[in-house]
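Enquirer: Handing you a structure now.
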Amino acid sequence: MHDHDHHHDHDHDHDGHHHPRPVSEQELRTRALEATLVEKGIVTSDAIDAIIDRYVNDIGPQNGARVVARAWSDPAYHERLLADGTAAIAELGFTGEEGHTIVVVENTPDAHNVIVCTLCSCYPWPVLGLPPTWYKSAPYRARVVAEPRAVLEEFGVELPDATEIRVWDSTAEVRYLVLPMRPAGTDTLAEDDLAALVTRDSMIGTGLPLAPTAA
Amino acid sequence: MTDDPYLATLDLPRTNGELVFDEPWQARALGTGVIALRELGVGTVEWRDALAEAIDRHGHDPDEDPANAYYTAWLDALERIVAARA
């Protein structure tokens, strides 16, 4: 468009930008559509960025954190969550085709739970978002089964020798969510403040919830 | 949150539950659509039908990447709705 002098081999120099990869027709159309919608005041690019962050890159573990905080705060919900994780999680509005059956496994002083998918990367995404890269790695998948205590120590989780470590292997049908132990010193915290202590790794079992002062 | 109606009711390309994108424009087109459809008052049923028609128009090529095919149709359907409604 900008070059009419037949020097096609230099046609990328006209605007001073070099494109390291070819720009697809769809990419150009997507940009044009966004520009049109922005101009009409229907969308903003910031709002699209936020949607991508929230839904696309990582729905995040905040859903799971709310489930855990509710279970810590409400004994009846705690009971329902352990009896039927899928239904109790759906009560909070978290559902998804990949999350049809979610089994919640509770940590106690006697038993610590860790989740893995030894075959691939099955993960309770409606509550935890997308899995971290290490969760999908072959070393984690193999080693957490063979030597869970050593793997947990590498994550900084040191458990008493008397605590049994239970490893749960996720499948296409059944996903697991770890219900961590409520940290000490949190008796007065409201549910929202409790949720802020619940890390993604604490719901996988490769971490523990934050201490209240660290929140 | 997984409660967005446009995401919850559609069979988006996934692998093991993860949304699959091969190129950034696909995520961008999805995000643009989620907001624009809501702002334009396009219902989930209307959108599902518009998307199904676009998928039919696009045709099925077994060699084409499924995410590319899906989001190309998504973009086509969205362009048409925006042209008609915005």
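The values are calculated or read from the model by the stated rules, or taken from the named source; none is laboratory data. As the structure is a prediction and not an experimental result, all values here were calculated from the model. For neighbour counting, all protein chains shown are included, and Cβ atoms are generated from backbone atoms with ideal geometry for every residue, glycine included.
Enquirer: Does A:Val68 satisfy the criteria of being at pLDDT 95 or above, assigned to a strand (DSSP E or B), under 24 Å from A:Thr206 (Cβ atoms) and more than 14 Å from chain B (Cβ to nearest Cβ)? Walk me through how you get there before you give the answer.
Expert: On the way: at pLDDT 95 or above: yes; assigned to a strand (DSSP E or B): no; under 24 Å from A:Thr206 (Cβ atoms): yes; more than 14 Å from chain B (Cβ to nearest Cβ): yes.
So A:Val68 fails the test.
Table: residues versus (1) of a type in the set (Val, Ile, Thr); (2) over 29 Å from A:Gly93 (Cα atoms); (3) in contact with a Ser or Thr (Cβ under 9 Å, 6 or more places away or on another chain); (4) free of Cβ contacts under 8 Å to residues at least 12 places away in the same chain.
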position: A:Val116; (1), (2), (3), (4): yes, no, yes, no
position: A:Pro139; (1), (2), (3), (4): no, yes, no, yes
position: A:Glu147; (1), (2), (3), (4): no, yes, no, yes
position: A:Glu158; (1), (2), (3), (4): no, yes, no, yes
position: A:Ala162; (1), (2), (3), (4): no, yes, no, no
position: A:Leu179; (1), (2), (3), (4): no, no, no, no
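Enquirer: What tally of residues in the range A:104-125 results from selecting those that are of a type in the set (A, V, I, L, M) and under 24 Å from B:Asp11 (Cα atoms)? Step through it out loud before you land on a result.
Expert: Filtering the range A:104-125 for residues of a type in the set (A, V, I, L, M) gives A:104-105, A:111, A:114-116, A:119.
Then keep just the ones that are under 24 Å from B:Asp11 (Cα atoms); that gives A:119.
Result for the range A:104-125: 1.
Enquirer: Would you check which residues across the range A:167-187 are exposed (fewer than 15 other Cβ atoms within 10 Å of the Cβ), closer than 19 Å to A:Ala142 by Cα and acidic (Asp, Glu) and list them?
Expert: If the condition is that a residue be exposed (fewer than 15 other Cβ atoms within 10 Å of the Cβ), closer than 19 Å to A:Ala142 by Cα and acidic (Asp, Glu), then no residue fits.
Enquirer: Looking at the range A:130-144, is at least one residue among the β-branched types (Val, Ile, Thr) and either in contact with a Lys or Arg (Cβ under 8 Å, 6 or more places away or on another chain) or away from chain B (no Cβ under 14 Å) (or both)? Quick ask: steps written out before the conclusion?
Expert: As a first pass, look at the range A:130-144 and keep what is among the β-branched types (Val, Ile, Thr): A:133, A:144.
Filter once more, keeping what is either in contact with a Lys or Arg (Cβ under 8 Å, 6 or more places away or on another chain) or away from chain B (no Cβ under 14 Å) (or both): A:144.
The answer is yes, given that some residue of the range A:130-144 is among the β-branched types (Val, Ile, Thr) and either in contact with a Lys or Arg (Cβ under 8 Å, 6 or more places away or on another chain) or away from chain B (no Cβ under 14 Å) (or both).
Enquirer: Of all residues in the range A:96-110, which are surrounded by fewer than 18 Cβ atoms within 10 Å (Cβ to Cβ), modelled with pLDDT under 85 and in a loop (DSSP other than H, G, I, E, B)?
Expert: Across the range A:96-110, the qualifying residue is only A:His100.
Enquirer: Looking only at the range B:27-86, which residues are closer than 12 Å to A:Leu33 by Cβ, buried (at least 18 other Cβ atoms within 10 Å of the Cβ) and more than 11 Å from the chain's Cα centre (by Cα)?
Expert: Listed by number, the residues that qualify are B:Ile35, B:Ala36, B:Ile81, B:Val82.
Enquirer: Here is a list of conditions, (1) surrounded by 10 or more Cβ atoms within 10 Å (Cβ to Cβ); (2) among the basic types (Lys, Arg); (3) at pLDDT below 70, and A:Arg21 meets all of them except one; can you say which number that is?
Expert: For A:Arg21, the failing item is (1).
Enquirer: Which one of A:Ala146, A:Ala150, A:Ala190 is surrounded by fewer than 18 Cβ atoms within 10 Å (Cβ to Cβ), closer than 24 Å to A:Ser73 by Cα and modelled with pLDDT of 90 or more?
Expert: Numbers: A:Ala146 fails: closer than 24 Å to A:Ser73 by Cα; A:Ala150 fails: closer than 24 Å to A:Ser73 by Cα.
Exactly one of A:Ala146, A:Ala150, A:Ala190 is surrounded by fewer than 18 Cβ atoms within 10 Å (Cβ to Cβ), closer than 24 Å to A:Ser73 by Cα and modelled with pLDDT of 90 or more, namely A:Ala190.
Enquirer: Separate question: Select from the range A:145-187 the residues that are hydrophobic (A, V, I, L, M, F, W, C), in contact with a helix residue (DSSP H, G or I) (Cβ under 9 Å, 6 or more places away or on another chain) and within 15 Å of A:Cys122 (Cα to Cα) and list them in ascending order.
Expert: Within the range A:145-187, A:Val167, A:Ala172, A:Leu177, A:Val178 qualify.
Enquirer: Let me ask something else. Among the residues of the range A:163-187 satisfying the criterion of being of a type in the set (Lys, Arg) and touching a Phe, Trp or Tyr at 6+ places or on another chain (Cβ under 8 Å), which is modelled with the highest pLDDT? Walk me through it before giving the result.
Expert: Within the range A:163-187, the first condition is being of a type in the set (Lys, Arg), and the residues that meet it are A:166, A:175, A:182.
Those left that are additionally touching a Phe, Trp or Tyr at 6+ places or on another chain (Cβ under 8 Å): A:175, A:182.
Values: A:Arg175: 90, A:Arg182: 97.
Step by step, filter the range A:163-187, then rank; the result is A:Arg182.
Enquirer: So, in the range A:37-65, how many residues would count as being at pLDDT 90 or above and at the interface with chain B (Cβ under 7 Å from one of its Cβ atoms)?
Expert: Qualifying residue count, the range A:37-65: 4.
Enquirer: Further question: When both residues are 6+ apart or on different chains and their Cβ atoms are under 7 Å apart, which pairs have a first residue that lies in the range A:185-205 and is closer than 11 Å to A:Ala69 by Cβ, and a second that is at pLDDT 95 or above and small (Gly, Ala, Ser)?
Expert: Note: pairs meeting the criteria are A:Glu191/A:Ala69; A:Glu191/A:Ser73; A:Leu194/A:Ala69; A:Leu194/A:Ser73; A:Ala195/A:Ala69; A:Val198/A:Ala69.
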